[in-house]
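Chemist: Sharing a structure here in structure tokens format.
Computed from the coordinates by the stated procedures, all read-outs in this text should not be read as laboratory data. Note that the structure is predicted; figures quoted are calculated from it, not measured. Here Cβ is always computed from backbone atoms with ideal geometry, including for glycine, and neighbour counts include all displayed protein chains.
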Amino acid sequence: MNSLKLSIADINQLMNNEVEYEITLTDEQLKAVPNVKSVSELFAYFTSYESDNGYLVHVEIEGVINVLDQFTAKYSPLEISEKEDIIISEDSSVTDIQMKRGEFDFFPVLLALFYSAVPLRYSSKKIEYEENEGYTLMSEDAFDEISKKSEKKEEKNNPFASLDPTKFE
């Protein structure tokens, strides 16, 4: 499926009801995410609500991809999920998707959500802090903690740390 076009009447029928569509991606579309071998299942869910200028369409994708595990160097299944709210209106100055021939094509939105949901790097092993020959591997949390400790240590060694900068204006 390279198109998912909905008219205003279709969007009106979605009002406060969730509708599910199964999404298939081509090999060409998967080339943008080289760490993904295949997509086991991918679904899009739509719900619409009235808004001041038209409709607010809540779009959500969920699925299972086979992604390269950088720890094991093998492909592993991974559940993904991403969502976005889209404003739809016949007024082209406020709509997020332009109407063409009376329809709004949501497939580019779904493709963008898919690309956003795929992690750039994936590892089944959660690494907090690991030191090896010539390099250190750590999580963002571990890095932040070490950085805070380093900043506090520098403050203690700074002879100007106790000065009030407002007194020098």
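Chemist: At what distance in nm do the modelled label points of S38 and L120 sit from each other, each positioned 7 Å from its Cα along Cα→Cβ?
Modeler: 2.8 nm
Chemist: Expressed as an acute angle from 0 to 90° and rounded to the nearest 10, what is the orientation of the C-alpha long axis of helix 140-157 relative to the principal long axis of the chain?
Modeler: On a 0 to 90 degree scale, this one is about 30.
Chemist: Once you keep just the Cα pairs under 8 angstrom separated by 6 or more residues, what percentage relative contact order results for the chain?
Modeler: 18 percent
Chemist: Can you compute the FRET efficiency between D144 and T72 using 1/(1 + (r/R0)^6), with r the Cβ-Cβ distance and R0 = 25 Å? Round to the nearest 0.05.
Modeler: My answer for the efficiency is 0.40.
Chemist: Given H placed on each backbone N at 1.01 Å, which residues far from L4 in sequence or on other chains put an amide H within less than 5 Å of it?
Modeler: Distant-sequence amide H within range of L4: F106, F107.
Chemist: Sticking with this structure for a sec: Compute the semi-axes of the equivalent ellipsoid of the chain, taking the square root of 5 times each eigenvalue of the Cα gyration tensor, and list them largest first in whole Å.
Modeler: 44, 28, 12
Chemist: Another question, if that's okay. Along Cα→Cβ, 7 Å out, is where each label goes; now give me the distance between the ones at M15 and A112 in nm to one decimal.
Modeler: The answer from the label model is 2.7 nm.
Chemist: Shifting gears a bit: Which whole-number percent gives the relative contact order of segment 70-148, counting Cα pairs below 8 Å spaced six or more residues apart?
Modeler: Relative contact order of segment 70-148: 24 percent.
Chemist: In Å³ and rounded to a whole number, note down the convex hull volume per residue for the Cα atoms of segment 1-67.
Modeler: 97 Å³
Chemist: Could you tell me the number of lysine pairs in the chain with C-alpha atoms less than 14 Å from each other, where the two lysines are 8 or more residues apart or belong to different chains?
Modeler: So the count of such lysine pairs works out to 4.
Chemist: Further question: Could you please state, rounded to a whole Å, how far the C-alpha centre of segment 94-117 is from the C-alpha centre of segment 26-60?
Modeler: Comparing the Cα centres of segment 94-117 and segment 26-60, I get a distance of 9 Å.
Chemist: Counting helices only, and only those DSSP H runs with n ≥ 4, report the 222 nm mean residue ellipticity of the chain as the sum of -39,500 (n - 2.57) divided by its residues, in deg cm²/dmol to the nearest 500.
Modeler: My calculation for the chain gives -6500 deg cm²/dmol from helical runs alone.
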